[in-house]
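Below is one structure; the comments refer to it alone.
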Amino acid sequence: MGDSPLIDSLRKAVEAAPQDVPLRLHLAGLLLDAGSVAEAVSHIGTVLAAEPTSAAALDLMQRAVGAPASSQSSTTAPPMPPRPAAPGWESDAPSDDPTADSANRSEADLESEFDWDAAARDLGDLAAPMFLDGDEELTEPAYDLEPSTIRLADVGGMTEVKKRLDAAFLAPMRNPELRKLYGKSLKGGLLLYGPPGCGKTFLAKAIAGELGASFFSVTLADVLDMYIGQSERNLGEIFATARRNAPCVLFLDEIDALGQRRSQLRSNTMRGTVNQLLTELDGVGASNDGVFVLAATNAPWDVDVALRRPGRLDRTVLVLPPDAAAREAILRHHLKDRPVSKIDLAAAARRTDGFSGADLAHVCETAAERALLDSAATGAVRMIEMRDVDAAIGEVKPSIGPWLESARNVALFANEGGAYDDLLAYLKKRKIL
Ligand SMILES: Nc1ncnc2c1ncn2[C@@H]1O[C@H](COP(=O)(O)OP(=O)(O)OP(=O)(O)O)[C@@H](O)[C@H]1O
Ligand SMILES: [Mg+2]
């Protein structure tokens with residue numbers, strides 16, 4: 001088929017930078033739009049072989065095979081293309097409209113060239129099956145068991161935070177002998193808080209990568225259930241699993257949603273969840289020895305105060321926007337697998353004061369997009385250069401302004417017992433106070 005010049009130049013770009021996943025997926029998307037499904041599938045397959053959990057790749061694959069999206073997002077799944085009827089189905093089906101039959105048949109004729117069963121066999125390992133035969137496992141674990149590929153080394157900067165995490169549970173987990181010697185059990189909790197996009201979740205994923213099977217990640221969606229009492233049961237089940245697998249770290253992301261101040265809650269259902277969380281953290285009825293709870297939020301002031309009492313999430317660590325050294329490390333991390341040439345990372349880091357980790361990731365994304373569009377327009381593939389990074393820095397605006405505003409009010413008017421002293425110090429240093 002006659003391909004567009006854009007697709008052609010993207011093919012060349014992908015050949016030049018085989019590791020660039022977003023570029024490859026972009027090409028795959030265009031190929032799908034152009035109807036070159038087989039070639040698109042081979043690119044998506046390459047990405048999935050390296051990153052089996054890549055959401056973007058899985059979405060494209062689902063588009064390619066016309067399967068529904070995963071069960072959680074089935075309500076937003078794109079409509080399935082019509083599947084040709086099995087022989088005999090049409091004649092059995094009652095039809096009100098006599099003309100519909102012939103129309104259906106011609107559509108089915110058109111599609112009959114495509115061997116659906118062969119395609120399903122080929123893609124069996126890559127996409128979820130459209131229908132279950134009955135022997136498959138239907139129950140999903142209540143928590144995230146996907147192995148994390150990120151390591152602590154991938155987290156740029158954050159030396160202080162890493163040190164505190166190491167002291168709080170990484171070192172005690174590695175050294176059971178030391179724990180015995182000091183008679184200290186591994187339990188309790190630590191709350192990471194800070195502006196959005198500064199790496200709390202990223203850091204937790206990195207710890208998961210370090211700890212492997214002894215890290216359980218729980219999100220709101222794993223817990224909440226529309227039936228009364230079921231959310232509490234889910235929480236109980238999650239903690240029971242963690243206790244069975246001790247020593248381990250249980251990560252509760254966005255804890256402000258799960259453990260919101262009960263005084264702010266209008267519904268009684270969520271109140272039950274908060275109470276259950278308190279009970280589980282206290283280990284009532286079972287010992288929490290060896291279960292370390294790590295939680296993250298960007299609104300610690302919305303978290304129920306009872307959750308922060310001693311023995312529960314008693315230690316807090318502020319995760320701040322990255323400093324210059326950290327920004328350099330973050331930029332390096334996000335550019336290292338892309339085709340770059342002569343990038344002055346130190347200069348870029350100097351120009352991005354106040355940017356969060358997510359903003360920096362967005363800068364790299366934007367720079368790559370510029371180089372890509374340029375390559376596509378001129379037909380000559382070129383590397384990502386400093387001018388792209390500079391332009392991207394001009395385009396992307398730091399996103400933590402609104403957070404700093406609410407943090408300022410809390411530090412000024414609600415710093416009870418000095419809970420937010422480190423936040424206060426940071427705001428003063430940045431002359432926000
Ligand atoms: N220190 C870092 N090193 C490398 N990348 C980082 C770092 N901090 C943030 N990032 C990038 O920013 C993205 C967003 O970070 P993350 O989701 O962890 O933020 P968060 O603090 O959990 O934000 P939120 O409060 O909104 O949940 C990460 O996926 C990663 O790409
Ligand atoms: Mg997060």
Restricting the first residue to segment 314-339 and requiring it to be within 18 Å of Met386 (Cβ to Cβ), which pairs with a second residue that is open to solvent by 20 Å² or more (accessible area, probe 1.4 Å) and in a helix (DSSP H, G or I) meet a Cβ separation below 7 Å and a spacing of at least six or different chains?
Ala324/Arg350; Glu328/Leu345; Glu328/Ala346; Leu331/Leu345; Arg332/Leu345; His333/Asp154; His334/Ala361; Pro339/Ala16
Considering Glu254, Glu328, which residue is within 16 Å of ligand 2 (Cβ to nearest atom) and open to solvent by 50 Å² or more (accessible area, probe 1.4 Å)?
Glu254
Apart from one, (1) under 24 Å from Val303 (Cα atoms); (2) within 16 Å of ligand 2 (Cβ to nearest atom) all hold for Ala206; the odd one out is (1)
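Out of all the residues in segment 394-433, which are β-branched (Val, Ile, Thr) and more than 17 Å from Thr297 (Cβ to Cβ)?
Initially, segment 394-433 is screened for residues β-branched (Val, Ile, Thr), giving 396, 400, 410, 432.
Within segment 394-433, Val396, Ile432 qualify.
Residue by residue, here is whether (1) within 16 Å of ligand 2 (Cβ to nearest atom); (2) over 28 Å from Ile150 (Cα atoms) holds:
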site: His333; (1), (2): no, no
site: Val340; (1), (2): no, no
site: Ala348; (1), (2): no, no
site: Thr378; (1), (2): no, yes
site: Pro398; (1), (2): no, no
site: Trp403; (1), (2): yes, no
site: Asn409; (1), (2): no, yes
Can you tell me how many residues in segment 201-210 are within 12 Å of ligand 1 (Cβ to nearest atom) and open to solvent by 20 Å² or more (accessible area, probe 1.4 Å)?
3
Report, ordered by the first and then the second residue, all pairs with beta carbons closer than 6 Å, sequence separation of six or more or different chains, a first member in segment 10-36 that is in contact (Cβ under 8 Å) with a residue 40 or more places away in the chain, and a second member that is open to solvent by 20 Å² or more (accessible area, probe 1.4 Å).
Lys12/Val381; Ala13/Val381; Ala16/Val381; Ala17/Pro339; Gln19/Asp337; Asp20/Arg338
Among Arg244, Arg271, which is free of Cβ contacts under 8 Å to residues at least 12 places away in the same chain and under 26 Å from Ile207 (Cα atoms)?
Arg244
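Just checking, which of Pro310, Pro322 is assigned to a loop (DSSP other than H, G, I, E, B) and under 26 Å from the mean Cα position of the chain (by Cα)?
Details: Pro310 fails: under 26 Å from the mean Cα position of the chain (by Cα).
Answer to the check: Pro322.
Determine which member of the set Ala242, Ala213 is of a type in the set (Gly, Ala, Ser), open to solvent by 50 Å² or more (accessible area, probe 1.4 Å) and away from ligand 1 (no atom under 16 Å from the Cβ).
Just a single option satisfies the conditions, and that option is Ala213.
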Result of the Cβ filter at 6 Å on segment 290-304, keeping first residues that are of a type in the set (A, V, I, L, M) and partners that are within 13 Å of ligand 1 (Cβ to nearest atom) and at pLDDT below 90, at least 6 apart or interchain, is Ala299/Asp256; Val303/Asp256
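Filter segment 268-298 down to residues that are over 24 Å from Ala168 (Cα atoms) and open to solvent by less than 50 Å² (accessible area, probe 1.4 Å) and give me whichever is farthest from ligand 1 (Cβ to nearest atom). Lay out the reasoning, then the answer.
Going through segment 268-298, the residues over 24 Å from Ala168 (Cα atoms) turn out to be 268-276, 285.
Now drop any that are not open to solvent by less than 50 Å² (accessible area, probe 1.4 Å), which leaves 270, 272-274, 276.
Numbers: Met270: 20, Gly272: 25, Thr273: 20, Val274: 20, Gln276: 23 Å.
Residue satisfying both the conditions and the ranking: Gly272.
A quick yes/no check of all residues on (1) at pLDDT below 95; (2) in a helix (DSSP H, G or I); (3) crowded, with 16+ Cβ neighbours inside 10 Å; (4) outside the structural domain of Leu10 (by TED's automatic domain parsing):
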| site | (1), (2), (3), (4) |
| --- | --- |
| His334 | yes, yes, yes, yes |
| Ala347 | no, yes, no, yes |
| Thr352 | no, no, yes, yes |
| Ala377 | yes, yes, no, yes |
| Asp388 | no, yes, yes, yes |
| Ala407 | yes, yes, yes, yes |
| Ala411 | yes, yes, yes, yes |
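Could you list, in sequence order, all residues of segment 302-315 that are at negative phi and either surrounded by 20 or more Cβ atoms within 10 Å (Cβ to Cβ) or in contact with a Gly (Cβ under 8 Å, 6 or more places away or on another chain) (or both)?
Let us first name the residues in segment 302-315 that are at negative phi, namely 302-310, 312-315.
Once the filter is applied, which keeps residues that are at negative phi and either surrounded by 20 or more Cβ atoms within 10 Å (Cβ to Cβ) or in contact with a Gly (Cβ under 8 Å, 6 or more places away or on another chain) (or both), segment 302-315 yields Val303, Asp304, Leu307, Arg312, Leu313, Asp314, Arg315.
Take the conditions under 25 Å from Val155 (Cβ atoms), within 13 Å of ligand 1 (Cβ to nearest atom) and of a type outside the set (Lys, Arg) and apply them to Ala348. Does it pass?
Details: under 25 Å from Val155 (Cβ atoms): yes; within 13 Å of ligand 1 (Cβ to nearest atom): no; of a type outside the set (Lys, Arg): yes.
Taking the combined requirement at face value, the residue does not satisfy it.
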Please specify each residue of segment 216-239 satisfying the condition of being away from ligand 1 (no atom under 16 Å from the Cβ), open to solvent by 60 Å² or more (accessible area, probe 1.4 Å), hydrophobic (A, V, I, L, M, F, W, C) and touching a residue at least 40 places away in the same chain (Cβ under 8 Å).
Leu224, Ile228
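The values are calculated or read from the model by the stated rules, or taken from the named source; none is laboratory data. It should be emphasised that the depicted structure is a prediction, and the values quoted were computed from it without experimental measurement. Glycine also receives a Cβ, built like all others from the backbone with ideal geometry; neighbour counts cover every protein chain displayed. Calculation scope for accessible area: heavy atoms of the full protein, side chains included, ligands and nucleic acids excluded. Shrake-Rupley method; radii C 1.70, N 1.55, O 1.52, S 1.80 Å.
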